[in-house]
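All remarks here apply to the structure that follows.
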Amino acid sequence: MTDYAAEQEMEIEALRAILMDDFKDIHSSESGLNTSSPCFQITISPQDDEADDTTNIPVQLGLIFSHTGKYPDEPPLLNVTSLRGIQTDDLKTLKEKLQQE
């Protein structure tokens, strides 16, 4: 029998360790997801190995997710939000692609 809660907890712990400041807890009311479960946001920014200055990032995406009760045997709930410079149509396309995966 799968201990879903333990697996989910270990995954969140690993994501926190790897992503550090780019990973945060958010309230379900700000997630855009239909859930009361814990929600999380990963900040995704383009990387330029040549640039030292991260203050001039033109676009930034928030990947929001929440585990379902049977995750990882079923997909997580997903949403995307523009943190900087991403158009609504592009967000819609990104979300559709994520749902397909």
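The values are calculated or read from the model by the stated rules, or taken from the named source; none is laboratory data. Predicted, not measured: the structure shown is a model, and the values here were computed from it. All Cβ positions, even for glycine, are placed from backbone atoms using ideal geometry, and neighbour counts span all protein chains on display. These area figures cover heavy atoms from the full protein model, side chains too; ligands, DNA and RNA do not enter into them. Shrake-Rupley method; radii C 1.70, N 1.55, O 1.52, S 1.80 Å.
Hey, got a sec? Which trypsin sites (Lys or Arg not before Pro) in the stretch 1-90 land in a DSSP loop and have at most 16 other Cβ atoms within 10 Å?
Filter output for the stretch 1-90: Lys70.
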ask   = For helix 4-19, what angle does its Cα long axis make with the longest principal axis of the chain, in degrees from 0 to 90 and rounded to 10?
value = 20 degrees
Net charge of neighbours whose Cβ lies under 11 Å from the Cβ of Thr43, counting Lys and Arg as +1 and Asp and Glu as -1 = 0
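Below 10 angstrom from the Cβ of Pro72, what's the summed charge of the other residues (Lys, Arg +1; Asp, Glu -1)? Write out the running numbers ahead of the final one.
On the way: positive: Lys70; negative: Glu7, Glu11, Asp73, Glu74.
Net charge in that neighbourhood comes out at -3.
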Accessible surface of the chain [probe 1.4 Å, protein heavy atoms]: carbon and sulfur percent = 48 percent
inquiry  = At 1.4 Å probe radius, can you tell me the per residue accessible area of the chain in Å²?
reply    = 73 Å²
ask   = Pick the calculated log10 I(q)/I(0) by the Debye sum over Cα atoms at q = 0.14 Å⁻¹ for this structure from (i) -0.61; (ii) -0.52; (iii) -0.45?
value = (i)
request  = For every other residue with a beta carbon closer than 13 angstrom to the beta carbon of Ile86, add +1 if it is Lys or Arg and -1 if Asp or Glu, then tell me the sum.
outcome  = +1
